[in-house]
Amino acid sequence: MKSITKLVLVLGLSLAVSLLTSCKNPKTPTSSIPKLDPKISQAGTTGPMTGSRNQGTGTGPSQGDRSGTFGGDNAFSQGLDQGVDGVDGVNFDETGIGQASRESFEGRPMDTEIFKANTIHFDFDSSAVRPSDKSNVAAVADYLKAHGDCYLLIDGHCDERGTEEYNQALGERRALSAREAVTKEGVQAGRIRTRSWGEAKPVAPGTDEASYAKNRRGEFILLLPKAE
Amino acid sequence: MQNKSTLKRAAGGILGILCAAFCFTLWAQTTAELDIDRTASLSNRPFPIHIKGNLASEALKVLKFDLEVGGCDIVSEDAATYLVHASNSENITGRLTDQTGSVQYFNRSYKNGTVRAQAHALAGDILKVLTGLDSIFNCKIAYCVNTSTDKNEIYIADFDGFNAKQVTRDGSLIRGLTWGAQNRSLLYCSYMKNNPDIYYHDLAEGTRNVVANFTGLNTSPAVSPDGKKVAMILSKDGTPDVYVSNLDGSNLIRITHTAADEASPSWSPDGSKLCFSSRISGAARLYTVPATGGKMQRISTTGVGSATEPDWSPDGKWIAFTTTTRKSFQICVVPATGGMVEILAEGESPDWAPNSRTLVFSRKSGKKSTLVMLDVPTKKAKTIANVTGSASQPCWTR
């Protein structure tokens, strides 16, 4: 007991001395720098992938047909959000048309030229199919109705004035609207697949409204029957 | 840390001995000084600081860059509130004092690691004193570099863009890049199989597994704070909605059921909620929803017309997001409960550092996109000049 008290006293004193002198004669504690580099391995393009986890959710239209027009043109409205809304409870329960399993689309040769003239365009920040594009949609639908073994891929594109992930969603909405429009012309929804490229594939490089208008589009790609 | 515990031990052992009074004075001074500086909220002036000593040019550059990212103004000795006394022979030694030199906050030497790592550590110790927050200068960032307009690859680098390592070589397009648990993995949406699908990329093993590859859009993965769940955007049921699953894609639950499109889910730090953007009211706005499903709640963003890309701060207090006008993108912050928006700087894709104080984001200028660090309280922005090429989607290790 006595020796411990002594030890504490000696320790305390020596620490006190070192503390007192630390400003002028720094006895600097040392920080060891941890090794920072994590091991990083690249994944090969053919790296081990788990098998396709794609469980299709079945085809056939579910309730609700508003997906084509919801969203409107005013998402970027300059109007300020002055509402003291704080938090509103929102509980919408509407869905669009469920997508078919991906397997039925895989391995089909693509014809990107056949519907080139039927590319449809969208208003700024809108996913509504324009009435003026009805003839393009009808032309694509007519071809599919006449060629029952063919499927359709619709690519949705945006101009660069949205954020990347937002544009991915917007491009998908455009493709889905186009899909719904083709479906309304009598083509089974299960034959149509959508793909959004967001803003990644502009056809016009400019940063003017004319270029943007060309880039906000939906492209129809014919999926031919699988080769035997 | 070592310094603090030494002080504590000393105080315990010496109490009642001759220097107690001196110690108390030192302690009282230090505490008072720190209390003033730690009242930081959304608006604060930079810390005026001056660097003395003989640091070699590389170390000095690192220290200056880090201090500026951390919210300091490097000023003349006369104008400084704080002085850094730093030197390096083989290793870096640094002291932080007040302007008179009478209050010393720490005095430390650094060993091992590169000169850059030592300088980062010194900068971290200085900011710890000034802000009370743990260092972010030992963090990494992941980001994408464009190889053409519709192709990019993932890189991981020190937070200042140095020591960059390429992670993918797919010749494809990556979106929605984010870190997995313990920073051992990256999750992202890749078009490498000709569809936007979500992958889990184990960094140590170099293996890649599919999280979601349904028909339609699979994007914007976000890993839960406990590392076990992933929130994401899927359009398989008709429109882009929020879903949550396990990391391997199992136990998939649909969280939102709207006819509008949702985007960019982000977890609350306690894992109980998700924040995301939705166009259910026409314009893109922020909403939260219980992470197990339930009612959507609007987060008001008073002062801006649209809100996308929310990122919940690790301390739970703030949500950073991007507002979009026809002309530009602006980085904004709003309290996590909603309210008045603070518009901070031009840019998009904001991501909080672990300190809940620093944001990294990208800023387009013409066709080139650069990465920018922003100290939110002081609104000081620093471009990460060392990243070459057009870079986007930056995210901090957590």
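Only one entry of B:Pro269, B:Pro225, B:Pro314, B:Pro310 meets the criterion of being within 22 Å of the chain's Cα centre (by Cα) and open to solvent by less than 20 Å² (accessible area, probe 1.4 Å), and that entry is B:Pro310.
Scanning region B:217-246 for residues that are in a loop (DSSP other than H, G, I, E, B) and more than 7 Å from chain A (Cβ to nearest Cβ) yields B:Ser224, B:Pro225, B:Asp226, B:Gly227, B:Lys228. The conditions of being closer than 24 Å to B:Asp237 by Cα, touching a residue at least 60 places away in the same chain (Cβ under 8 Å), touching a Gly at 6+ places or on another chain (Cβ under 7 Å) and crowded, with 24+ Cβ neighbours inside 10 Å are met by A:Gly156. A count restricted to region A:154-194 and to residues that are within 8 Å of chain B (Cβ to nearest Cβ), in a strand (DSSP E or B) and not polar (S, T, N, Q) stands at 1.
Could you check region B:333-368 and list, in sequence order, the residues that are over 22 Å from B:Thr131 (Cβ atoms), assigned to a strand (DSSP E or B) and at pLDDT 95 or above? B:Gly339, B:Met340, B:Ile343, B:Glu346, B:Glu348, B:Ser349, B:Ser362, B:Arg363, listed by residue number. Looking at this structure, is B:Gly249 open to solvent by less than 10 Å² (accessible area, probe 1.4 Å) and part of a loop (DSSP other than H, G, I, E, B)? Against the criterion (open to solvent by less than 10 Å² (accessible area, probe 1.4 Å) and part of a loop (DSSP other than H, G, I, E, B)), B:Gly249 qualifies.
From the list B:Asp78, B:Asp98, which one is open to solvent by 50 Å² or more (accessible area, probe 1.4 Å) and more than 24 Å from B:Leu203 (Cα to Cα)? Within the list B:Asp78, B:Asp98, the selection yields B:Asp78.
Condition check: at pLDDT 95 or above and part of a loop (DSSP other than H, G, I, E, B). Does B:Ser392 satisfy that? Spelling it out, it is not the case that B:Ser392 is at pLDDT 95 or above and part of a loop (DSSP other than H, G, I, E, B). Any residue in region B:379-398 that's under 23 Å from B:Pro314 (Cα atoms): show its pairings with residues that are outside any strand (DSSP E or B) and of a type in the set (Gly, Ala, Ser) at Cβ separation under 8 Å, as long as the two are six or more apart or on different chains. That search, which allows pairs on different chains as well, returns B:Lys380/B:Gly71; B:Ile384/B:Gly161; B:Trp396/B:Ala353.
Conditions (1) in contact with an Asp or Glu (Cβ under 6 Å, 6 or more places away or on another chain); (2) within 30 Å of B:Asn44 (Cα to Cα); (3) among the aliphatic types (A, V, I, L, M), marked per residue:
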residue: B:Val103; (1), (2), (3): no, yes, yes
residue: B:Asn146; (1), (2), (3): no, no, no
residue: B:Ala164; (1), (2), (3): no, no, yes
residue: B:Ser185; (1), (2), (3): yes, no, no
residue: B:Glu205; (1), (2), (3): no, no, no
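Could you list, in sequence order, all residues of region B:217-237 that are in contact with a Leu (Cβ under 7 Å, 6 or more places away or on another chain) and under 24 Å from A:Gly98 (Cβ atoms)? Correct list: B:Leu217, B:Asn218, B:Pro221, B:Val230, B:Ala231, B:Ile233, B:Leu234, B:Ser235.
Within region A:195-228, restricting attention to residues that are assigned to a loop (DSSP other than H, G, I, E, B), open to solvent by less than 60 Å² (accessible area, probe 1.4 Å) and out of contact with any helix residue (DSSP H, G or I) (no Cβ under 7 Å at 6 or more places or on another chain), the residue that is nearest to A:Asn118 (Cα to Cα) is A:Arg216. Here is the figure for region A:97-130: residues that are farther than 23 Å from B:Gly238 by Cβ, open to solvent by 40 Å² or more (accessible area, probe 1.4 Å) and part of a helix (DSSP H, G or I) total 2. Considering region B:106-119 alone, what residues qualify as being open to solvent by 20 Å² or more (accessible area, probe 1.4 Å), in contact (Cβ under 8 Å) with a residue 24 or more places away in the chain and over 26 Å from the mean Cα position of the chain (by Cα)? Result: B:Arg108, single match. Restricting attention to region B:317-329 and to residues that are surrounded by 15 or more Cβ atoms within 10 Å (Cβ to Cβ) and either in contact with a Leu (Cβ under 6 Å, 6 or more places away or on another chain) or within 11 Å of chain A (Cβ to nearest Cβ) (or both), the residue that is farthest from B:Asn355 (Cα to Cα) turns out to be B:Thr324.
Taken over region B:114-127, the residue count meeting the criterion of being at the interface with another protein chain (Cβ under 8 Å from one of its Cβ atoms), among the hydrophobic types (A, V, I, L, M, F, W, C) and touching a strand residue (DSSP E or B) at 6+ places or on another chain (Cβ under 7 Å) is 1.
Yes/no per residue for (1) among the small types (Gly, Ala, Ser); (2) at the interface with chain A (Cβ under 10 Å from one of its Cβ atoms); (3) open to solvent by 30 Å² or more (accessible area, probe 1.4 Å); (4) over 22 Å from the mean Cα position of the chain (by Cα):
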| site | (1), (2), (3), (4) |
| --- | --- |
| B:Cys144 | no, yes, no, no |
| B:Arg169 | no, yes, yes, yes |
| B:Cys189 | no, yes, no, no |
| B:Leu203 | no, yes, no, no |
| B:Thr207 | no, yes, yes, yes |
| B:Thr215 | no, yes, no, yes |
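Whether any residue in region B:36-54 is modelled with pLDDT under 50, assigned to a helix (DSSP H, G or I) and either open to solvent by 50 Å² or more (accessible area, probe 1.4 Å) or under 29 Å from B:Val333 (Cα atoms) (or both) is what I want to check. Yes, the conditions are met somewhere in region B:36-54.
Counting only strands (runs of 3 or more DSSP E) that sit completely within region B:278-328, those holding 1 or more residues that are of a type in the set (Lys, Arg) correspond to B:283-290, B:296-299.
The set of residues in region B:352-368 being open to solvent by less than 10 Å² (accessible area, probe 1.4 Å) and touching a Ser or Thr at 6+ places or on another chain (Cβ under 7 Å) consists of B:Phe361, B:Ser362.
When B:Ser349 is tested against (1) at positive phi; (2) surrounded by fewer than 23 Cβ atoms within 10 Å (Cβ to Cβ); (3) in contact with a strand residue (DSSP E or B) (Cβ under 7 Å, 6 or more places away or on another chain), exactly one condition is not met: (2). Return yes or no: is B:Arg184 more than 7 Å from chain A (Cβ to nearest Cβ), under 24 Å from A:Ile192 (Cβ atoms) and surrounded by fewer than 24 Cβ atoms within 10 Å (Cβ to Cβ)? Taking the combined requirement at face value, the residue does not satisfy it. Does B:Leu130 meet the test of being open to solvent by less than 10 Å² (accessible area, probe 1.4 Å), touching a His at 6+ places or on another chain (Cβ under 7 Å) and more than 9 Å from every other protein chain (Cβ to nearest Cβ)? Against the criterion (open to solvent by less than 10 Å² (accessible area, probe 1.4 Å), touching a His at 6+ places or on another chain (Cβ under 7 Å) and more than 9 Å from every other protein chain (Cβ to nearest Cβ)), B:Leu130 does not qualify.
With the structure loaded, tell me whether A:Ile120 is under 13 Å from A:Leu224 (Cβ atoms) and modelled with pLDDT of 95 or more or whether it fails that test. For A:Ile120, the condition - under 13 Å from A:Leu224 (Cβ atoms) and modelled with pLDDT of 95 or more - is not met.
The values are calculated or read from the model by the stated rules, or taken from the named source; none is laboratory data. All of these numbers come straight from a predicted model, not from anything done at the bench. When we count neighbours, we look across all protein chains shown, and the Cβ atoms used for this are built from the backbone with ideal geometry, even at glycine. Just so you know, the surface numbers come from the protein's heavy atoms only, side chains and all, with ligands and any DNA or RNA stripped out. Shrake-Rupley method; radii C 1.70, N 1.55, O 1.52, S 1.80 Å.
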